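See below for the structure under consideration.
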Amino acid sequence: DVALAPTLRAALARSVGGPFVIREEDLREKVRRRKVATLIGIVLDSSFSMEESAKATKKVVIELLKDAYQRRDRVALVSCSGRRAEVVLPFTSAVVTAKRHLEKIEYGGTTPLASGLATGLSLLKRELEKEPSATPIMVLITDGSANVPLEVSGDAGLEAEEVACDLRRARVHLLVVDVGVEGSDLAKKISNAAGGRYVKTDRPSQEEIYAAIKGEQMDASGQNPADCRM
């Protein structure tokens, strides 16, 4: 499958000062790179303090899906509020489907962060079974509060770090977007435990969240998470 323009350039470069002839050594072949899909699982802290960020995140999901067509990317969203996290949007590439599901997000109550991370990981694993070559990314958007443990007597923060280690072992790329006013030590610990990336935003804007996710999407292929050590 000859690449015409590079072949002509090679022949021209060799033929300077002489007759223009295309020889076998001038031939260049087309190399087609397969587009690798990205799975972006967003885990959203949807407690009372996060309502503004949640509204921005819904807009970000739609923008990501508009970008997704060429690369076959898919996006999902897990909401963290109450006692257990909930899958609001299963993995999809359809904007219309996303808009319908995103209206179901409810705000308020407590923050089951470990449950959200575990639910997001389970969702990514199931999707990877369908497409093992896809790049898995989890995006945690939070102000860093975790006050509902998985176990009745458990430590909510420590459990979130433990699930973050599971993400690392599963070779899932984690991006933590901290939208808290002062910044959160727990958000940083979760990122560190997963070998992920931590981003502190000055304000929970659609533009900043979108830019952080796109940056992670571009970098993910070069990352190589190691074994977890806490």
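The values are calculated or read from the model by the stated rules, or taken from the named source; none is laboratory data. None of the values given here were measured: they were computed from a predicted structure. Cβ atoms come from the backbone with ideal geometry, glycine included; neighbour counts cover every protein chain shown. Surface accessibility is based on the protein's heavy atoms, side chains included, excluding ligands, DNA and RNA. Shrake-Rupley method; radii C 1.70, N 1.55, O 1.52, S 1.80 Å.
If you roll a 1.4 angstrom probe over the protein chains with everything in place, what fraction of the accessible area of region 73-141 belongs to carbon and sulfur, to the nearest %?
Accessible surface attributable to carbon and sulfur in region 73-141 totals 51 percent.
Run the quick spin-label model on A5 and K30: label points 7 Å from Cα toward the beta carbon, then report their separation in nm to one decimal.
For A5 paired with K30, the spin-label model returns 1.3 nm.
What accessible area per residue, rounded to a whole number of Å², is obtained for region 59-142 using a probe radius of 1.4 Å?
Value for region 59-142: 45 Å² per residue.
Please go through region 97-197 and write out the GluC sites (Glu not before Pro) that DSSP classes as loop and that have at most 14 other C-beta atoms within 10 Å.
E103, E106, E151, E182
Can you tell me which of R126, R171, R197 moves the most in a GNM of the chain? Springs connect C-alpha atoms under 10 Å apart.
In this elastic network of the chain, the residue with the biggest mean-square fluctuation among R126, R171, R197 is R126.
For region 1-159, compute the number of Lys pairs whose alpha carbons are separated by less than 15 Å, excluding pairs fewer than 8 positions apart on the same chain.
The number of close lysine pairs in region 1-159 is 8.
So what is the calculated 222 nm ellipticity per residue for the chain, using -39500 (n - 2.57) for each DSSP H run with n of 4 or more, over all residues, to the nearest 500 deg cm²/dmol?
Rounded to the nearest 500, it is -12500 deg cm²/dmol.
What's the longest bit of the chain with no exposed chymotrypsin sites (Phe, Trp or Tyr not before Pro), using DSSP loop states and at most 11 other Cβ atoms within 10 Å as the test?
The longest uninterrupted stretch comes out as 70-230.
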